[in-house]
Amino acid sequence: MPIKYRIDILNALKEKGFTSYRIRKEKLFGQKTLQDFRNGNVVLSTECLEKLCNILDCQIGDLIEYIPEDKK
């Protein structure tokens with residue numbers, strides 16, 4: 001996929017005090033979304049990106065980037 005995370009989402013959340021336990025307890029993200037963060041699968045729902053930007057105090061461009069694939 002040509003869209004990649006610029007940062008390690010789980011580490012960034014941990015730096016803000018959000019452990020996996022706290023995230024699940026406060027129902028910020030579902031288990032599938034947490035698993036996608038762990039595996040580096042980019043979650044592009046606007047709701048998820050909005051929550052991440054709010055929690056991490058950043059812009060969407062700080063979270064993800066587009067990397068064009070080589071044209072053959």
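Descriptive notes on the structure:
- Angle between the chain longest axis and helix 46-56 axis [Cα atoms, degrees, rounded to 10]: 60
- Percent of Cα pairs exceeding the 18 Å cut-off, where the set is the chain: 35
- Exposure rule at most 11 other beta-carbon atoms within 10 Å, DSSP loop GluC sites (Glu not before Pro): the chain longest free segment: 27-68
- Other residues with beta-carbon under 10 Å from the beta-carbon of Leu28 carry, at +1 per Lys or Arg and -1 per Asp or Glu, a net charge of +4.
- Close amide H pairs (under 5 Å, H built 1.01 Å from N) link Ile64 with Arg6, residues at least 5 positions away or on another chain.
- Charge dipole (debye, nearest 20) of the range 3-66; +1 at Cβ of Lys and Arg, -1 at Cβ of Asp and Glu: 360
- Residue exposure sequence - Lys32, Lys27 - by fewest surrounding Cβ within 10 Å: Lys27, Lys32
- Selected from Ile64, Cys48, Leu28, residue furthest toward positive end of dipole (the chain; charges at beta carbon): Leu28
- Comparing Cα centroids, the range 1-19 and the range 21-36 end up 13 angstrom apart.
None of the figures in this text is laboratory data; all of them are computed from the coordinates on show. In this text, all values refer to a predicted model and were calculated from it rather than measured experimentally. Cβ: placed from backbone, ideal geometry, glycine included. Neighbour counts: every protein chain shown.
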